[in-house]
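Engineer: Sharing a structure with you now.
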Amino acid sequence: MKKSKTIYIVPPLMIFLFLSIFPIIKILLEVKKIESLLLSSGTIFYILLFILLIILLFIEVIYFVKLVIKDESFSIKKKIIWIILLTIFSIFAIPYYVIKYINREDRIMFNYSLFLIPVLFFIIIFLFGYSTYSKSITEIRLKEKMIEEERNEYRTKDELASFTFRHGYKKKEVGEYDLYVINKSKNIIFTAFTYDIEKYEQKSADDYIKKGISDIKEGKEKFELLNDKKVIDKDDKTITTIEYAGKTAESSLCVYKISIITFKSKPNYLIYTVEVIIKNNYEQYSNELEEILDSVKLY
């Protein structure tokens, strides 16, 4: 007795349809970076429906494998072949089995091609979509790599020293700072003053750190030690650093990384730096702050 092909053919067709849509969803989420509740909800609904279709297909496979085993007209060899086809190539094998052995239709290949034509169409959509997605992602990765590798060198006003910064840091002329650099996307501010210590009362790194702490603490409603003093001795320089966390009544809690850089080749020259970053971003960018300090060089 003939059975409706629709109930058996729709799940395989829908699986191909859902697969063809998959690259489009990836493009919207990862390339276009569209953030919307509708798209997020639609993606969840898409995944749930796809899982349901896989379950339905699995049930169909079990059903037809049982039919093959019970079919007395099939030889052992033919049963084994069809069990393998239905298990491994179920999406293609089930519609053909229904047309030929369940409904016993006359124009087998013609009717089967009616199933293959939309499948082929969905495959073309999938390949085109995935190719577009792969190309777009490759371009994004290359751009991200270029951004990651980008470095900008900014000199102090006296032209005697420079620091190197990653992408996104912009130098600005602000007040009396010898160097003022800001990264708005990361909420980082870097400032520097240069000193010829022979001309000032303060002579040691500790003297300048104490004065810096006193100046920064002024006007803060909260200002407490975050990380104690650390001295890093390099071949060409010594970096002395201490970190405080503080905030005013209007501002967010920030980390103040106060550093003094002295140079072995120019012992009377000193750079006093303060790096300010929102506390919530500190863990993420702490290594980057260290990298900036380590990049300093004399001219």
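Engineer: Can you tell me which condition residue 155 does not meet? The list is (1) at pLDDT 95 or above; (2) over 34 Å from the mean Cα position of the chain (by Cα); (3) charged (D, E, K, R), and all the others hold.
Structural biologist: (2)
Engineer: Outside any strand (DSSP E or B), among the aromatic types (Phe, Trp, Tyr) and in contact (Cβ under 8 Å) with a residue 24 or more places away in the chain: which single residue out of 285, 272, 256 fits that description? Before you say what the answer is, go through the steps one by one.
Structural biologist: Working: 272 fails: outside any strand (DSSP E or B); 256 fails: outside any strand (DSSP E or B).
Criteria check complete, one pass: 285.
Engineer: Moving on. May I ask you to list the residues in segment 106-165 that are surrounded by 11 or more Cβ atoms within 10 Å (Cβ to Cβ), assigned to a loop (DSSP other than H, G, I, E, B) and touching a residue at least 60 places away in the same chain (Cβ under 8 Å)?
Structural biologist: Result: 156, 160.
Engineer: Okay, moving on. When only residues in segment 176-204 that are within 37 Å of the chain's Cα centre (by Cα) and small (Gly, Ala, Ser) count, which is surrounded by the most Cβ atoms within 10 Å (Cβ to Cβ)? Show your work before the answer.
Structural biologist: In the first step, residues of segment 176-204 are kept if they are within 37 Å of the chain's Cα centre (by Cα); the result is 177-193.
Among the residues that remain, those that are also small (Gly, Ala, Ser) are: 185, 192.
Details: 185: 8, 192: 23.
Looking at residues that are within 37 Å of the chain's Cα centre (by Cα) and small (Gly, Ala, Ser), I get 192.
Engineer: Here is a further query. Tell me yes or no: at least one residue of segment 185-207 is hydroxyl-bearing (Ser, Thr, Tyr), at pLDDT 90 or above and either outside the structural domain of residue 281 (by TED's automatic domain parsing) or farther than 25 Å from residue 285 by Cα (or both). Can you show your working first?
Structural biologist: First, the residues of segment 185-207 that are hydroxyl-bearing (Ser, Thr, Tyr): 185, 191, 194-195, 200, 204.
Still in the list and also at pLDDT 90 or above: 185, 191, 194-195.
Narrowing further to those that are either outside the structural domain of residue 281 (by TED's automatic domain parsing) or farther than 25 Å from residue 285 by Cα (or both): 195.
Yes: one or more hits.
Residues are listed down the side, and each one gets a yes or a no for (1) of a type in the set (Ser, Thr, Tyr); (2) free of Cβ contacts under 8 Å to residues at least 60 places away in the same chain:
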{"site": "18", "(1), (2)": "no, yes"}
{"site": "24", "(1), (2)": "no, no"}
{"site": "28", "(1), (2)": "no, yes"}
{"site": "37", "(1), (2)": "no, yes"}
{"site": "50", "(1), (2)": "no, yes"}
{"site": "80", "(1), (2)": "no, yes"}
{"site": "87", "(1), (2)": "yes, yes"}
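Engineer: Hey, could you check segment 219-237 for residues that are loosely packed, with under 13 Cβ neighbours inside 10 Å and hydrophobic (A, V, I, L, M, F, W, C) and say which is nearest to residue 250 (Cα to Cα)?
Structural biologist: Among those residues, the one meeting the criterion is 225.
Engineer: Only residues that are surrounded by fewer than 16 Cβ atoms within 10 Å (Cβ to Cβ) and assigned to a helix (DSSP H, G or I): list them for segment 68-78, please. If you could, list the steps in order and put the result at the bottom.
Structural biologist: First, pick out the residues of segment 68-78 that are surrounded by fewer than 16 Cβ atoms within 10 Å (Cβ to Cβ): 69-73, 75-78.
Across segment 68-78, the qualifying residues are 69, 70, 76, 77, 78.
Engineer: Under the condition of being among the small types (Gly, Ala, Ser) and over 18 Å from residue 224 (Cβ atoms), which residue from segment 255-299 is surrounded by the fewest Cβ atoms within 10 Å (Cβ to Cβ)?
Structural biologist: Looking only at segment 255-299, we keep the residues that are among the small types (Gly, Ala, Ser), and these are 259, 265, 286, 295.
Filter once more, keeping what is over 18 Å from residue 224 (Cβ atoms): 259, 265, 295.
Values: 259: 26, 265: 8, 295: 14.
It comes out as 265.
The values are calculated or read from the model by the stated rules, or taken from the named source; none is laboratory data. All values reported here derive from a predicted model rather than from experimental measurement. Glycine also receives a Cβ, built like all others from the backbone with ideal geometry; neighbour counts cover every protein chain displayed.
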